[in-house]
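Following: one structure in structure tokens, then a few remarks.
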Amino acid sequence: MKKHLSFALNIIAIALFIPGITLPMFALSMEMTALLNTAGMTSNLIDKELSILSMVHELWDSERFLVAALIFLFSVCIPILKTTLMSFVYFTRNQNLARQVAQFVATIGKWSMADVFVVAVFLAILSTNHADTLSQETLNLFGFTIGIDISTQTLSAAGDGFFYFVGYCLVSLLASHIATSPYTLQRIETEV
């Protein structure tokens, strides 16, 4: 029964994983406003929505290879490997091999915390929501002093991909826990 439940949870996890890495994780917008007496000018400095895959692509393009590779490894490759191996455990008839693969998944399961770390990074980014700065500058031009107020406002919001990815992390951890619990591993051994 636990074996079937774990497999069903793995299917649900992968169904959450795909939109979790392709849909926007967050939207980030930064505006700058310059006020000269009563006249003002507003400019959008940043306005983007990023998914995990688009973030990896953007990091790679900006030559931040290590960060891009780590996010890709921990947020894409390891989850796919875990799901593939747990599906293999479910379908294989060789119970000894199934037990060894399940134990291997339990060993790499510690790397699942990297998924949670990625979510934590996004939460940290989202905590910058409504961060405002204001500075007052003076401009001396031909003997006239002009006061300029310059302000920036950073807005961030969680996208649908964020919620799918959090759901994937939770369901995947539960599926791995059920599949690699000592009772489940013992049942695999006794079915040999």
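The values are calculated or read from the model by the stated rules, or taken from the named source; none is laboratory data. Everything quoted here is computed from the prediction, not taken from an experiment. For neighbour counting, all protein chains shown are included, and Cβ atoms are generated from backbone atoms with ideal geometry for every residue, glycine included.
Just one of Ile21, Ile52, Ile46, Ile12 is modelled with pLDDT of 90 or more, within 29 Å of Thr154 (Cβ to Cβ) and of a type in the set (A, V, I, L, M, F, W, C); which is it? Give the steps one after another, and end with the answer.
Working: Ile52 fails: modelled with pLDDT of 90 or more; Ile46 fails: modelled with pLDDT of 90 or more; Ile12 fails: within 29 Å of Thr154 (Cβ to Cβ).
Being modelled with pLDDT of 90 or more, within 29 Å of Thr154 (Cβ to Cβ) and of a type in the set (A, V, I, L, M, F, W, C) holds for just one of Ile21, Ile52, Ile46, Ile12, which is Ile21.
Considering only residues in the stretch 139-186 that are under 24 Å from the mean Cα position of the chain (by Cα) and of a type in the set (Val, Ile, Thr), the one that is modelled with the lowest pLDDT turns out to be Thr154. Among the residues here, Glu189 does not qualify as at pLDDT below 75, assigned to a strand (DSSP E or B) and of a type in the set (Asp, Glu).
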